[in-house]
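Structure first, commentary second.
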Amino acid sequence: MDNRNKALKEKINSLPDACGVYLFKDASGKIIYVGKAKSLRKRVRSYFGRLLDAKTQLLVAKIEDLEYRLTSSESRAELLEASLIKEHLPHYNVSFKDDKSFPLIRISDEKFPLLSVVRNKNRPAHDRSVYFGPYTDPRLLRQAIKMIRKVFGFRSCKALPKQPCLYYRLKLCPAPCAGKISPGQYKSIIKQIRMFLESKYEELSDQLRRQMHSAAQEKRYEDAASLRDRIEALAMFRGEEAFDSREELNILKRALQLKKLPERIEAFDISNISGKEACGSMVAFYRGKPDKNNYRRFRIKGVEGIDDYAMLREVVRRRYRRVIEEGLPFPDLVLIDGGKAHLAAASGQISTLGIDLEIASIAKERENIYTTGRRAPLNLQKYPQALNLIRRVRDEAHRFAINYHHLLRKKAIFKNEGRNS
């Protein structure tokens, strides 16, 4: 990769080795390409290799910025990719959209709509069905359909049978064939599926919660429990897309065995090159969202040379000494970018100040999670929502620290130039 955009290069190098969707932008900030990847880091780096076809070279020449969205699975990334392409119509995805061989999701126009997977080239004339896609990977699409069916339940038989089949007993179909659900209730489920395929996650979650509360107030407890299960399953499937999500915070609480819900998280990172212009950052997240009004920057004052642990101790000490002096609220969780030694450095300072905070650190290589009181690290692969939230907070702390470090370097350069002129 050339040196035309150092900020872009740093973004690429800091991408997580995790599943998700990446969005390339041009100089004006317009999205020009959307793609999915099992490993965002490896996939995006591959665009800047030497052996590229002509079309990819044209795309890479236009890339000035990127963003990414983590997902809990490859099948989730498959659906999100198609949804974002439909929303933004990126220029370099046009050929993908026009290809007639990729599969789509079809929702038929019937009293009890049928959901099925079809090929674009097989679309009949004067068809009033609704289509989603196209999707690039049939295998991942099948996995996604299974998950959607598990969350919502829908009809898949081409002709309605006279009695419920096995899918009804497995709670994968509400059995409209046997009158187990009214047309209005069934179409409400179809509407929710459409909202999901259109990535309207917050709106959908709010709607499900309102329905659940209403059912509980009307003492329809079985319906309320079903809606609760749907909300929880949806949260599990959404993974990183679930910002301000209480379910996500609950999962993190369970995964780290915290004493209380981590509504307020503060995360620290250190940035320096050979000890020069060393600085630290602290970002705050409240209920899963960045709380930028409470971000803080620290220029290292009392450490000479290269000593990340001493720098971290200084930053943590300064932060929580001020919190004590000004009577500010303490975080529910402190997150450190680093391994076991970094955790020990931070927790030592917090203990010295006489306060009791829950602390965790995330190691860079294997993304093991270390917590105080445990010798062995935690592996959160079984809790993708918790791991993705930690990654999101960690990446934001790193970005904020890097930006401040660049600012300090520029000031130092201008100062030196002024002296030499």
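Just so you know, all these numbers are worked out from the coordinates, no wet-lab data involved. It should be emphasised that the depicted structure is a prediction, and the values quoted were computed from it without experimental measurement. As a convention, Cβ positions derive from the backbone with ideal geometry for all residues, glycine included, and neighbour counts pool all protein chains shown.
Work out the FRET efficiency for Ala363 and Gln217 from their Cβ-Cβ distance, taking R0 = 56 Å, and round it to the nearest 0.05. Intermediate values should be presented prior to the final figure.
Numbers: r = 47 Å, r/R0 = 0.84.
Rounded to the nearest 0.05, the efficiency is 0.75.
Projected onto the charge dipole of region 312-399 (+1 at Lys/Arg Cβ, -1 at Asp/Glu Cβ, origin at the Cα centre), which of Ile369, Pro331, Leu353 gives the Cα projection farthest towards the positive end?
Sorting the options by dipole projection puts first Ile369.
Choose one of His126, Ala159, Phe196: the residue whose Cα lies farthest towards the positive end of the charge dipole of region 100-199 (beta-carbon charges +1 Lys, Arg; -1 Asp, Glu; about the Cα centre).
Highest projection toward the positive end goes to Ala159.
Can you tell me the mean projection area, over all orientations, of the convex hull of the chain's alpha carbons? Units nm², please.
On the way: hull surface 106.0 nm².
Over all viewing directions, the chain projects a mean Cα-hull area of 26.5 nm².
Once the piece of chain linking Leu89 and Arg296 is laid out straight, how much longer is it, given 0.36 nm per residue of separation minus the C-alpha distance between them? Write out the running numbers ahead of the final one.
Numbers: separation 207, 0.36 × 207 = 74.52 nm, distance 3.75 nm.
Taking 0.36 nm per residue and subtracting the Cα distance, the gain is 70.8 nm.
Tell me the mean residue ellipticity at 222 nm calculated for the chain from its helices only (DSSP H runs of n ≥ 4, each -39500 (n - 2.57), averaged over every residue, nearest 500).
Numbers: 14 runs with 192 residues, N = 421.
Mean residue ellipticity, 222 nm, calculated: -14500 deg cm²/dmol.
If R0 is 22 Å, what FRET efficiency do you get for Lys162 and Lys111 from their C-beta distance, rounded to 0.05?
Numbers: r = 16 Å, r/R0 = 0.73.
Result of the calculation: an efficiency of 0.85.
Relative to the Cα centre, what is the charge dipole magnitude of the chain, using +1 at the beta carbon of each Lys and Arg, -1 at the beta carbon of each Asp and Glu, and rounding to the nearest 20 debye?
On the way: 83 positive and 52 negative charges, 164 e Å.
Computed about the Cα centre, the dipole is about 780 debye.
When only DSSP loop residues count, what GluC sites (Glu not before Pro) in region 280-328 have their Cβ near at most 11 other Cβ atoms within 10 Å?
Numbers: sites: Glu304, Glu314, Glu325, Glu326; in loops: Glu304.
Filter output for region 280-328: Glu304.
Scan around Ile359 for amide H atoms under 5 Å from its own, H built in the peptide plane at 1.01 Å from N, and keep only partners 5 or more places away or cross-chain.
Excluding prolines and chain starts, which carry no amide H, the hits are Val334, Thr372.
Pulled fully out, how much extra length does the chain show between Leu258 and Thr352, if you take 0.36 nm times their separation in residues and subtract their Cα-Cα distance? All intermediate terms of the calculation are to be shown ahead of the outcome.
On the way: separation 94, 0.36 × 94 = 33.84 nm, distance 2.14 nm.
In short, 31.7 nm is gained.
Taking the Cα centre of region 6-97 as the origin and placing charges on Cβ (Lys, Arg +1; Asp, Glu -1), which of Tyr33, Ala18, Ile85 is farthest toward the positive end of the dipole?
Ala18
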